[in-house]
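Chemist: The structure that follows is given in the form of structure tokens.
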Amino acid sequence: MRASCHCGAVVLEVDDSFSQLTACNCSICGRLGALWAYTTQARVTVKHAPDALASYAWGDRTITFHHCRVCGCTTHYTGLGAQATDRVAVNARLLPLDPAAPVPVRRWDGRDSWSSLGVHDAWPW
Ligand SMILES: [Zn+2]
């Protein structure tokens, strides 16, 4: 699958399929409105125009969010620092998922309890 930002300056080639997506309510995910599809570094190739990819990390800096500097779309996040894993969270809103086969969306309570609040939706609709 090919995830693209709106303007096409950042493209992720994703060699994976997804049976569940995650919507999180933490301070950044709630603002971004992203739906995360979790995969691994080996399954993702990031291609971008020169200088098009910007990153943002804050606080304890254990993950970093990447977005297109041209159109602003958040494309994915990756681990950062000594404890980083090979996990990549792709913003599923950029994936060409089939509206005829929407993927269940789990709510993750990143703001308070750090636990699942169950499946409440599906994407794309
Ligand atoms: Zn873009």
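Chemist: Consider GLN83 against the criteria (1) assigned to a strand (DSSP E or B); (2) at pLDDT below 95: it satisfies all of them except one. Which criterion is unmet?
Modeler: Looking at each condition in turn, GLN83 falls short on (1).
Chemist: Within the range 33-47, is even one residue open to solvent by 70 Å² or more (accessible area, probe 1.4 Å), in a loop (DSSP other than H, G, I, E, B) and at pLDDT 95 or above?
Modeler: So far as the range 33-47 goes, no, none of its residues is open to solvent by 70 Å² or more (accessible area, probe 1.4 Å), in a loop (DSSP other than H, G, I, E, B) and at pLDDT 95 or above.
Chemist: So for the range 96-103 (the condition being more than 14 Å from the chain's Cα centre (by Cα), under 21 Å from ARG2 (Cα atoms) and part of a strand (DSSP E or B)), does at least one residue qualify?
Modeler: yes
Chemist: Looking at (1) away from the ligand (no atom under 16 Å from the Cβ); (2) open to solvent by 50 Å² or more (accessible area, probe 1.4 Å); (3) in contact (Cβ under 8 Å) with a residue 12 or more places away in the chain, which is the only condition ARG69 fails?
Modeler: (1)
Chemist: Continuing with this model, one more query. May I ask you to list the residues in the range 48-65 that are open to solvent by 20 Å² or more (accessible area, probe 1.4 Å) and assigned to a strand (DSSP E or B)?
Modeler: Answer for the range 48-65, where residues must be open to solvent by 20 Å² or more (accessible area, probe 1.4 Å) and assigned to a strand (DSSP E or B): HIS48, LEU53, SER55, TYR56, ILE63.
Chemist: Please pick out the residue among VAL70, VAL88 that is assigned to a strand (DSSP E or B) and not charged (D, E, K, R).
Modeler: Of the residues listed, the single one that is assigned to a strand (DSSP E or B) and not charged (D, E, K, R) is VAL88.
Chemist: Which residues, taken from the range 72-87, are buried (at least 16 other Cβ atoms within 10 Å of the Cβ), more than 10 Å from the ligand (Cβ to nearest atom) and of a type in the set (S, T, N, Q)?
Modeler: Of everything in the range 72-87, those that are buried (at least 16 other Cβ atoms within 10 Å of the Cβ), more than 10 Å from the ligand (Cβ to nearest atom) and of a type in the set (S, T, N, Q) turn out to be THR74, THR78.
Chemist: Given the condition open to solvent by less than 20 Å² (accessible area, probe 1.4 Å), within 16 Å of the ligand (Cβ to nearest atom) and part of a loop (DSSP other than H, G, I, E, B), answer yes or no: does some residue in the range 10-28 qualify?
Modeler: no
The values are calculated or read from the model by the stated rules, or taken from the named source; none is laboratory data. Worth saying up front: this structure is predicted, and the values here are computed from it rather than measured. A quick note on method: Cβ atoms are made from the backbone with ideal geometry, for glycine too, and the neighbour counts reach across all protein chains shown. Just the protein is used for accessible areas: all its heavy atoms, side chains included, with ligands, DNA and RNA removed. Shrake-Rupley method; radii C 1.70, N 1.55, O 1.52, S 1.80 Å.
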